[in-house]
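Novice: One structure is given below, represented as structure tokens, and several questions about it will come after.
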Amino acid sequence: MNEVNARLGATYEETCTGWLRERLRKTVDGVVQAFGAAGRADWPAPPAVEALEQLVRQGDIDAAERLCRAADAARGGAPAFGLVLEVIHRIETDWLDAPGADGPLTFAFWNVQMLLDRLRDPAEAMIPGDGGAVLVALPEEERHQFGARIVAQELRRRGWDTTADLSSSRRGVLDRVHETWFEAVGLSVGHDGAFVGLADFISELRSVSRNPGLEVILGGAAIEAAPSHYAFLGADCVAIDLRQAMDFLDGMRQRRRRQDWN
């Protein structure tokens, strides 16, 4: 596991930034602390590992947790961290062998982190759902889904009723906003080309929205300058990282509560 830790430490600097980087480091350290120096002979059989690996890569954390709980029961209640550690080892091997696949593999490590949080303390895995409805979508010219998938999962974890529409056309996203009440729409921009026509798209979202007070959040890997640099796009929040987006939404939720009380 020390080798895994060392290799991840040398690799994640190139693929992650800010808060996500901290979460990946927590994943590795958490497994080391939880599983310790147990020998590989104690690890689960390949079929269980392969099943968990598939669920982790897909982002189905609920099913992954159920699989681990079932493994715990079959082994007399012993923690399933061995199962998770083997999955980390497999993903880490792919990461080193296929540098071009950083996005999907980082997404898999993110999911491992969330799974570990649930296995350590299920009561803290999810925050009660008192948030509003949020749509996470991509501009039509954007097809890099990794960042948007991360945001959608974290929103769900924090209690927001989250819809991730990562494959619709521009018209499809506009139709969804017109048909369904959303408190906010988060748009993920992964490259400069996705800025083309983005101001018009944001304006259209507001004009067709079922919610006249729709908030629009802009984020993604292509956001590199100060938020004021993107003011012409017309978004309510330009988030440099995931933490800023979550802080904005938390503030929006507090404002909504105060309005309800008044």
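Bear in mind these aren't lab numbers, they're just calculated from the coordinates by the rules spelled out. Note that the coordinates shown come from a computational prediction; the quantities given were computed from them, not determined experimentally.
Novice: Give me, ordered by chain and number, the residues 5 or more places off VAL216 or on other chains with an amide H under 5 Å from its own placed amide H.
Specialist: VAL185, ASP236, CYS237
Novice: For a test of the definition: using alpha carbon positions, the gyration tensor, and the 1.5 limit on a/c, classify the stretch 133-261 as rounded, prolate or oblate.
Specialist: Since a/c stays below 1.5, the shape of the stretch 133-261 is classed as rounded.
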